Structure formats: structure tokens, C-alpha cells
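Q: My structure is below; once you've seen it, I'll send some questions.
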Amino acid sequence: ASAPLPASSAHAAAFEPAIRPRSAWGADESVRGGTPSYASSLRGVTLHHTASSSSYGPEDVPGLLRGFYAYHVKSNGWSDIGYNFLVDRFGTIWEGRYGGTTRSVIGAHAGGFNTGTAGISMIGTYGTDQPSASMLESVAQLAAWKMGRAGIDPRGSVTLTSAGSTRYRSGTPVRLPTLFAHQDVSTTSCPGTLGMAALPGLRDRAAQLAAGAVPQAPTPVPDAGAHDLEGRLRVEVPPAAPLGSTVEVTVTGTPHRPVDLWFAHGDGSPATLRREATFGADGRYRTSFTADGTYVLFAVSDGLSSPRVQTSAAGAPEPGPAPASPLSISGPVTVEAHGPALVTVTGPAGTNVSVWFRAHGEDAYARRRAGTLGPDGSWTTTFAVNEPHDYFAMSATVTSPDATTVVGAVPHGLHVTTPRDADGGTSVPVVVQGVPGSSVELWFARADGPFTRRREGVLAADGTFRTSWTATDEHTVYAVSRNRTSTRVTTRVSGSVPYTPASSATTPPVQVTAPAGVDAGQAVEVTATGPAGAPVRLWFKPRGEAVFTQRRAGVFDASGVYRTTYVGLDDQELYATTGGSASADVGSITRPVLTAPGSGRLGRTVTITGRARPGDAVVVEQRRRNGAVTSRTARAGGSGAFTLAVPLLDESQFRPSVGSRTGSVWSTTKVAPTVAGPARAGRGSTVTLTGTARPGALVEVLFRARGAAAFTVRRRLAADPAGRFVTTASLGTAHRYYARADGLASAQQITDVR
């Protein structure tokens, strides 16, 4: 049990420091799962750091908290953010895990020791960065208040039983200070070297507050971000110098502070440390070097860098191949806003490294992380991505190449990054990014050759898979994961080296055929050939999409054939894969089609219906029998269907087109004749009949007297150029009659005779 609470500590229980609620940082309560769990009592407080950037403004903090929240829930699978409270470098205290600040909510901050403890996390990384005085004062106030409510002495100790951690087996009793560090119970460096160094003072300050000391208000914290560098730390060098001349360099910074000057060849070589010095009383350091090529220089002092400057020697010979750096750094290509980015540095085991960051738009970098490469030659850290960042790793003597992480969703859900150009014989890095834990395949093709599967792996916790290939010739690469492909990326190779296939192909190549053009809405047959009995997958990419999706899968029959169909609603590119082989791409374009009514009455509107690619502007050409040609435009909807109303002034043929794509069939609409006369007439009178037909058509008017067995042709005449005709008839009795032209007949009419 912890030591008895001093009587004066009732003061600590009485005051509550200002704690900003979850709503203040925009916690989306729909994200967390389940209901909070509570311990019967609070028995201790655990100190953490978030291992994120220590350089942030007050306006950045809510976004950082949302990022921690999303990472803990979506990546770690926890029900909520792990920490009970978080404190920023300006001294503001934020509510973390849901459940009430006055209650003993069980968090997820120290596995095996979560029950009965409150996790307080300092926002930032405190291995090399010093926690601010405001931050430490607020941590002490928060600890004193929580411990005072529970009757705990901040300088006391407590025995807790492990529920299973990375340091202690389940059931192990562990004697701890009542205010202890995360690394006391788990194999971690949290809360960092300087965070650990602050713990004794935190215990003392919490005890003072418990005894009645007056809490201090937070003091303003200057933001020493990289954007403050310009004017304080800079390198001045002429942009050009004669070959072989002496180049003077002036570095400006803080008087009497140490400064390092780093050089890199302008061909992308890693930077190396060339000068170590101390600024003079005037805040300047001067040195020189011989102009023998193009160099990029920058200075480093007190964890900050100057902007990079370049100088070139006129007439210098072209540099040879850039030497590879013993250090490399990698991070995700893209991260959702405020999410965590996992950064890995690799190099010689045991090397002490630091990681330097700059936000896009800034000229200079600032040191934000430091660590030691482990026995496997790697070290990993994270940073919160609230804007695009560039970063690189630095040892005592050399830097890595730069890397970049931008903000946003992974393009198309699966993305491949690789250089656009490479020198023959060099190693070409490939980074795939997608959904963490998903399997991934990498497919390569030389120049115009077929694709073959060359790499397989699993996307790591940061959603990346990394590999490389040796540049021998131009290669195109793409990734496959979860039935989707990435876009294809081509690397051109300069000074290519002879290519020798690793082995001759033993698997018959897969081939796929499909018609080059299909009518919209019609079934399209696709045939793939390959090894009998082997599985086959068909990949499709409709117009407007950048990546392929697997849409069909089957097995080659005994003759090595697999057939399937799809409906041609849009243009498609497709290919087939079997095993590690892929066919060439084939494409089917979609032609517009239409249907016009077989006939219509002259001057009336007829409706044309058809299909095309969704969104297409379809030009409907109307060719009249007299040779006149007109056109109208209709827009295909989301399903590809379109309609068009056209007045029928002559027998017409209709055909659709979209650009150079023209429908393969004309659809004809004939003009159906009409005829009309009076409903009644006097016996023996002459009646006038009028009608319409195709202009110039030969019209026959057929009559049948009442009681007659059949119609007979009584009139033959031609429709005028407007398609009209007029005739007369003397009727002695009631008659039925109709008009006939171009193989079509009008409706029957009747005139009654009295």
C-alpha cells in the first residue's frame, strides 16, 4: 500500500486544475467502442510521452490529439485513446480517455499496469528535447490533484501486481513509486531520457502542492520551429566560382555556440560533416574550400539547421556516380491528416542517429528525434502528420537521402513509388503503400515485354512494403493487393547493362482476346488461353479509372481455354494472369447504338433511344431520303442511356457517333401515310380526301363500298414536296378507304352516305 496521505494533502484534493474536455479537441465519440471500465481505486500515476514532434503550436494540439485517438483505435485496436490525460508544452491539460476526469478510468497506457493507475502523457518526444517548465508544472498539478483525491503521497511507493507486461510476467508483484514512468513497467524508453530526469522534481512539486503550495500559471513557451531559423542560422556562399578557386563560406548563428558545416555533392550524394567549429563573439564562423564541382551546404547548431545553399564551379567535370549513403530513411508516402507516420532509419548497427524534419514550404530542418540503430541495423520512430513533411537521418558524419510524407488518402488505395530515372547497374528502390497487414504482389515488365510477378510480401504496420531491383533496362512496375492494382510506374535506365534472364520461361504464356469494338449494352465474349487446369484471373479497367480490378476468376479447361462474358457498358482495358505470368493488355471500345421507330406520321415527333458510354455527348445524324443531312446531340446518362426527340419530315435514317466512334448500323424510320375525309356526305356528292405521306411518294387510295368483299385501288397520285396530297371521290353509298405508300398503310376511315 502507498504511504499515508499527509494531512495537508487535503489541499491538493480540493483544487482541480483546468482540464480541457474531449469536446475541445474534437473527439468523435462514434469512433470509440464500448463503455469505459473503472478501477475500484486509484493507486498510482504513470508518466508517458507521445513520441511525436515536440515542435507544435497551440493551434496544432487538437489535431495531434485526434491523430493519437485515431491511431490507438484504428491501428492498435483499442476502444479509445490510451492515455487518461495529455499535457502540451504550453501547460494545457487535456482530457484523454472517456469516462470522467474525477473517476479511476482504466486506460490502455501501460499494458499489465492499467488498472488502478492514471496515465499522463506529455505531448512530444523527450529523449533529447527538454520538457517546458509550463508542461512540468501542469503535470505536477494534475498528479497532485488525482493523488490527493485518492489519498496517495506523491513521494510514496506502492506494490502493484502485473497483469502481464513486456517487462513483468502476469502475477508478479512490483514495488514502484506512486508516480512512476512507463519504462518502469515495460521495455520502452518512454517517457524519454529527459522525461525520466524530470520525475524526481515532479514528485517533489506534487508533494509541495499537496502541502499547500500555490499552483503556478503556465508561462508562454516560444516556438522554436524551423520557420524561426531564417536570420538566426544561415550559410552564405557565392552561387558560382571559377574552377580551382577558393570559395569563402560565412556561417551566422548564436555567439559562442558550436556549429557543424555539412557538404553534399550536387548530384544527390549524401551530405557529410566537413567542418566543426564554434561561433565567435560576433556570431560568425568563416571557412573556405576549393571549387571543384557543385556543392550543397548547410549548417547545424543547437538542433536546428540552416537553409541549404548551392555553389557551382564553372567548367568542373561531370561527377561520377553518387556514392550510396550508409544511412537510409523511409516513411509512408501518404498519411491521413493528423495520423501517425512510422519512420524507419537503417544503417550500421549501433550507430547513433537523429531525424531532422521540415514542413513543406520551409527552407530548413530541425532535429526532432534521436535514437540508436539496433542489432538489426534499424531504429523506428513516429511523428504526427498534420502537413506534408520532408525528413532525413543524420549520424555523426553522414546523412541519408531525403524522404517525404504528404497528407491525404493513399492514391487509389494502393500506390507504388519508384524513381522515374536510374543509372544502369544501380539499385532501384520500390515502396508500395496500402492497407496494413494485406498481402501484396509486385509485377515487373521490361520495356514492351510481358509482366511477371517478381515480389510478394505483406504491407507492414505503416502500410508499406519495400524492396528494390537492379537497373538493367527500362522497367514498368505495379502492385496487386486485395483484388486491386496500383497505377503502373516506369523507370527509365541510362547506360543500361547487359540483361541476362535468370532462367528460361517454362510456363506457357497466358493470352487473352476480346473484340476491339462492341456495341454498347451488348454481351462481350472474352477468351483466355493458358496452361490446362491452371487458375486464371481477369483484370478490368474501365474508362476513367486509373487502376485495374479483378472481375473474373476461373480455371483453364482441359484444352487450356477459359471463356467468360461481360456487358459492354463502357470502354475496357483487360488482361489475364495465371501463376506469375500475365498476358498483354487488350482493349475493347464501346460504340454507341440507337433504335428508331420503324415508322411515324409526317410532321410528328419520334423518339430515338440508345446507349453509349456514360456521360458521352452523342451526335445523332439524321439522313433524309432526299439527301439532306442534319444532326442533333444527346447526353448519355450515368447508365449510358440516352433519348432524343426528332420531328419526322421525311423518311429518315439515324446513326449515332461519339468522336470517331460511329454506330455500325443505320436505323430507318419510314413515313406512314395518312388519309382523312368527311364522316358524312350526300348520296352522289363529291367528297374531298386529304392526306400525308413521304414527300414525293406514290400514294394509292383504296376504297371498299358497303357490302363489297375487298378494297380496290381508286386513286394513284404523288405526295407533293411537303408530303401532302389531295383527291376527290363521288360516293353513291357508304365507303371505307385508306392510303397506302412505301409498303405502309394508314388507318381505315369511313364516310357514311345518306
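Q: Report, ordered by the first and then the second residue, all pairs with beta carbons closer than 8 Å, sequence separation of six or more or different chains, a first member in the stretch 728-752 that is under 12 Å from Val687 (Cβ atoms), and a second member that is basic (Lys, Arg) and part of a loop (DSSP other than H, G, I, E, B).
A: Partner pairs satisfying both residue conditions: Leu731/Arg683; Gly732/Arg683; Ala734/Arg706; His735/Arg706.
Q: If the requirement is being farther than 24 Å from Trp356 by Cβ and open to solvent by less than 50 Å² (accessible area, probe 1.4 Å), which of these qualifies: Val431, Val458, Val398, Val440?
A: Going through Val431, Val458, Val398, Val440 in turn, the sole match is Val440.
Q: Can you tell me which condition Ser162 does not meet? The list is (1) surrounded by fewer than 23 Cβ atoms within 10 Å (Cβ to Cβ); (2) of a type in the set (S, T, N, Q); (3) over 20 Å from Gln183 (Cβ atoms), and all the others hold.
A: Result: Ser162 fails condition (3) only.
Q: Same structure, new question: Here are the criteria: (1) surrounded by fewer than 20 Cβ atoms within 10 Å (Cβ to Cβ); (2) outside any strand (DSSP E or B). Tell me which single one Leu142 does not satisfy.
A: The one condition Leu142 does not meet is (1).
Q: Mind listing just one residue for me: the one in the stretch 58-112 that is among the basic types (Lys, Arg), more than 22 Å from Gln130 (Cα to Cα) and in contact (Cβ under 8 Å) with a residue 60 or more places away in the chain and, of those, least open to solvent (accessible area, probe 1.4 Å)?
A: Arg97
Q: Given the residues Ala213, Ala198, Ala206, which is the only one that is modelled with pLDDT under 90, among the small types (Gly, Ala, Ser) and surrounded by 16 or more Cβ atoms within 10 Å (Cβ to Cβ)?
A: Result: Ala213 is the single residue among Ala213, Ala198, Ala206 that is modelled with pLDDT under 90, among the small types (Gly, Ala, Ser) and surrounded by 16 or more Cβ atoms within 10 Å (Cβ to Cβ).
Q: Among the strands (runs of 3 or more DSSP E) lying completely within the stretch 276-316, list those that include at least 2 residues that are in contact with a strand residue (DSSP E or B) (Cβ under 9 Å, 6 or more places away or on another chain), open to solvent by less than 40 Å² (accessible area, probe 1.4 Å) and over 21 Å from Phe357 (Cβ atoms).
A: Output list reads 284-290, 309-314.
Q: I would also like to ask the following. Would you confirm whether or not the stretch 189-197 contains a residue that is part of a helix (DSSP H, G or I), of a type outside the set (Gly, Ala, Ser) and free of Cβ contacts under 8 Å to residues at least 24 places away in the same chain?
A: Yes, there is a match, as at least one residue in the stretch 189-197 is part of a helix (DSSP H, G or I), of a type outside the set (Gly, Ala, Ser) and free of Cβ contacts under 8 Å to residues at least 24 places away in the same chain.
Q: Quick check on this structure: which one of Pro154, Pro131 is closer than 26 Å to Asn352 by Cβ, open to solvent by less than 10 Å² (accessible area, probe 1.4 Å) and either in contact with a Lys or Arg (Cβ under 9 Å, 6 or more places away or on another chain) or not in a helix (DSSP H, G or I) (or both)?
A: On inspection, the qualifying residue turns out to be Pro131.
Q: Still on this model: Filter the stretch 573-603 down to residues that are among the polar types (S, T, N, Q), open to solvent by 20 Å² or more (accessible area, probe 1.4 Å) and over 25 Å from Arg455 (Cβ atoms), then give me how many there are.
A: Residues flagged as among the polar types (S, T, N, Q), open to solvent by 20 Å² or more (accessible area, probe 1.4 Å) and over 25 Å from Arg455 (Cβ atoms) within the stretch 573-603 amount to 2.
Q: Given the conditions (1) over 13 Å from Ala582 (Cα atoms); (2) at pLDDT 90 or above, which single one is not true for Thr452?
A: Exception for Thr452: condition (1).
Q: Scanning for something open to solvent by 60 Å² or more (accessible area, probe 1.4 Å) and closer than 29 Å to Phe298 by Cα, does the stretch 373-383 turn up at least one residue?
A: yes
Q: If you go through the stretch 374-384 one residue at a time, do you hit one that is in contact (Cβ under 8 Å) with a residue 60 or more places away in the chain and touching a helix residue (DSSP H, G or I) at 6+ places or on another chain (Cβ under 6 Å)?
A: Looking for residues that are in contact (Cβ under 8 Å) with a residue 60 or more places away in the chain and touching a helix residue (DSSP H, G or I) at 6+ places or on another chain (Cβ under 6 Å), one finds at least one in the stretch 374-384, hence yes.
Q: Name the residue that is least open to solvent (accessible area, probe 1.4 Å), counting only residues in the stretch 651-679 that are modelled with pLDDT of 95 or more and among the charged types (D, E, K, R).
A: So the residue we want is Glu651.
Q: Just a yes or no: is a residue in the stretch 503-510 modelled with pLDDT of 90 or more, assigned to a loop (DSSP other than H, G, I, E, B) and surrounded by 18 or more Cβ atoms within 10 Å (Cβ to Cβ)?
A: yes
Q: Next question. Tell me which strands (runs of 3 or more DSSP E) are completely within the stretch 318-426 and hold 3 or more residues being more than 26 Å from Ser54 (Cα to Cα), or say none if there are none.
A: Because the criterion is at least 3 residues that are more than 26 Å from Ser54 (Cα to Cα), the strands (runs of 3 or more DSSP E) in the stretch 318-426 that meet it are 415-417, 421-423.
Q: Answer with yes or no whether Ala337 is in contact (Cβ under 8 Å) with a residue 40 or more places away in the chain and surrounded by fewer than 16 Cβ atoms within 10 Å (Cβ to Cβ).
A: So Ala337 passes the test.
Q: Looking at the stretch 362-372, which of its residues are touching a strand residue (DSSP E or B) at 6+ places or on another chain (Cβ under 7 Å) and open to solvent by 10 Å² or more (accessible area, probe 1.4 Å)?
A: Arg367, Arg368, Ala370, Gly371, Thr372
The values are calculated or read from the model by the stated rules, or taken from the named source; none is laboratory data. Just so it is clear, the model here is predicted, and its values are computed rather than measured. Reconstructed Cβ throughout: ideal geometry from the backbone, glycine too, with neighbour counts over all protein chains shown. Quick note on the areas: whole protein, heavy atoms, side chains included, nothing else; ligands and nucleic acids left out. Shrake-Rupley method; radii C 1.70, N 1.55, O 1.52, S 1.80 Å.
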